[in-house]
Amino acid sequence: MVVGRSCGEGNADRAFFLKARRDGRIALTRRRDPGRPAGAGRAFVVRADRVEAQIREVLDGLGLSPDPSRRMTRCLICNAVLTEVPKEEVEGRVPAYVLQTCGNFRGCSVCGRIYWPGTHPGRVEEYLRTRIPAGRP
């Protein structure tokens, strides 16, 4: 799926939908009339206002069952799959404290961003655990 915020009318919207189609993804949008160009691929209009309801709506509407093992495995910038990176290769690319206290790093081969298991993954898991409908991973 491609999730994005429309920056207005016209070219930004067109590029968003065309990118989703090109990547073989479904575009999620809140716009009631997304104004998709012809041949722009699939889109799902999210109608709920609250995040919890939006999660339920997308999971139910698209028939999805999230796989917890796939969480935190893609780059937040370019969506590429992250790969393990040896600690010695991230020196100078992460804060010194992080280098000293973490031993597990993942990197994006497309944009070069480095990720490590700080407090964020635990907070995301807790957030999802309390908001994904019962019976879903």
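The figures follow:
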{"item": "Conditions (1) modelled with pLDDT of 90 or more; (2) more than 15 Å from the chain's Cα centre (by Cα); number of the one not met by Gly122", "result": "(1)"}
{"item": "Some residue of segment 42-64 being assigned to a loop (DSSP other than H, G, I, E, B), at pLDDT below 85 and in contact with a strand residue (DSSP E or B) (Cβ under 8 Å, 6 or more places away or on another chain)", "result": "yes"}
{"item": "Looking only at segment 80-108, and only at residues there that are surrounded by 13 or more Cβ atoms within 10 Å (Cβ to Cβ) and under 17 Å from the mean Cα position of the chain (by Cα), the one that is nearest to Arg25 (Cα to Cα)", "result": "Ala80"}
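The values are calculated or read from the model by the stated rules, or taken from the named source; none is laboratory data. The structure presented is a predicted model; accordingly, all values stated were derived computationally and were not measured. For neighbour counting, all protein chains shown are included, and Cβ atoms are generated from backbone atoms with ideal geometry for every residue, glycine included.
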